[in-house]
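Sharing a structure below in structure tokens format, with a few things to ask.
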Amino acid sequence: MNDGEMGIYRLIAVLTLLLTSEANAQSTDVAPPSFDASAAWLSFEKLLHENYGYFNRPGIDGDAILATFAEKAKAACSDKEFIDTLQLISHNFADPHFIVGPFDADDWAIIPTSSDLFGIYDGASFRIDEVRGGGDATTKGVRSGMMLLRIDDQPPRIAIEEITGRAFSELSPAQIGFAFNVALAGHRRRPRKLDVLDGDKQRSSRWPPRPTKRTALPTDSFWKSSAGASLASSGSTIRLVSKS
């Protein structure tokens with residue numbers, strides 16, 4: 001895909017690691033091949049450089065992000081550990097459509113439609129900016145303008161560092177804003193708790209875990225074009241798809 005095409009297509013960048021049928025078909029009495037994280041990293045890095053149209057933009061330095069996590073990714077001992085590292089990378093790109101899976105119960109609710117809140121960081125405090133009408137936050141009395149004190153009993157800065165895998169001081173405003181909103185959405189299968197300042201009163205709101213449900217991958221009719229790169233050594237495939 002050339003630069004002109006990148007200008008036409010909105011690269012959704014759903015980077016999904018899917019177990020290949022070959023790996024699934026392996027006999028249970030045969031030891032699975034060892035995970036080759038170095039080869040998997042080379043495939044991922046090549047795919048991102050060649051197909052992701054938002055690799056560098058204000059507040060986002062793609063090469064610096066990859067350099068930060070390269071050694072950690074290449075040292076992964078399993079596909080899950082590798083996926084967890086790639087998820088940190090995707091969060092650093094601050095793109096809600098750059099998603100790495102499959103997910104597990106401890107992952108953040110990264111899908112854009114998961115959130116019922118939108119927050120902003122003004123350099124001094126974290127605040128609720130918008131609340132989706134009819135959502136859980138509305139029923140809990142969370143309103144625009146409230147200051148966020150804690151997310152799941154920890155300061156927003158700590159949640160942001162967990163989501164990005166980096167110190168808060170190293171992050172750009174774009175990365176902070178993105179990670180803050182991921183934190184507001186909470187984890188996929190955990191209860192959620194927010195402590196806010198409502199005027200001069202502190203309030204706590206709790207949400208139960210989201211119901212478990214299977215989410216189908218996008219169908220061909222939904223996606224306009226796709227490109228793939230094989231991670232043969234890991235028994236996985238990374239797919240990158242784009243939508244106009």
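Give, rounded to the nearest 20 debye, the magnitude of the charge dipole that the range 112-207 has about its Cα centre when Lys and Arg contribute +1 at Cβ and Asp and Glu contribute -1 at Cβ.
Values: 15 positive and 13 negative charges, 79 e Å.
For this selection, approximately 380 debye.
If one puts a single equal scatterer on every Cα of the range 112-207 and applies the Debye formula without solvent, what log₁₀ I(q)/I(0) results at q = 0.12, 0.18, 0.20 Å⁻¹?
These q points yield log10 I(q)/I(0) values of -0.33, -0.76, -0.95.
Oh, and also: Apply the Karplus parameterisation 6.51 cos²θ - 1.76 cosθ + 1.60, with θ equal to phi minus 60°, to every residue of the range 56-68 and state each ³J(HN,Hα) to the nearest whole Hz, in sequence, with x for glycine and proline.
My calculation for the range 56-68 gives 10, 7, x, x, 10, 10, x, 5, 5, 5, 4, 4, 5 Hz in order.
Would you calculate the separation in nanometres between label points at SER34 and ASP122, each defined as 7 Å from the Cα along the Cα-to-beta-carbon direction?
Computed distance between label sites SER34 and ASP122 equals 5.5 nm.
Determine ³J(HN,Hα), in whole Hz, for all residues of the range 103-110 in sequence, where each value follows from phi through the Karplus function 6.51 cos²θ - 1.76 cosθ + 1.60 and θ = phi - 60°; x replaces Gly and Pro.
Those phi angles translate into 8, 10, 5, 8, 6, 6, 7, 7 Hz.
Spelling out what I want: for every residue of the range 134-146, take phi, set θ = phi - 60°, compute 6.51 cos²θ - 1.76 cosθ + 1.60 (Karplus), and round to whole Hz; glycine and proline get x.
x, x, 4, 5, 4, 5, 8, x, 6, 10, 4, x, 5
Coordinate-derived values only; no laboratory data. Note that the coordinates shown come from a computational prediction; the quantities given were computed from them, not determined experimentally. Every residue, glycine as well, gets a Cβ built from its backbone with ideal geometry; the counts of neighbours run over all protein chains shown.
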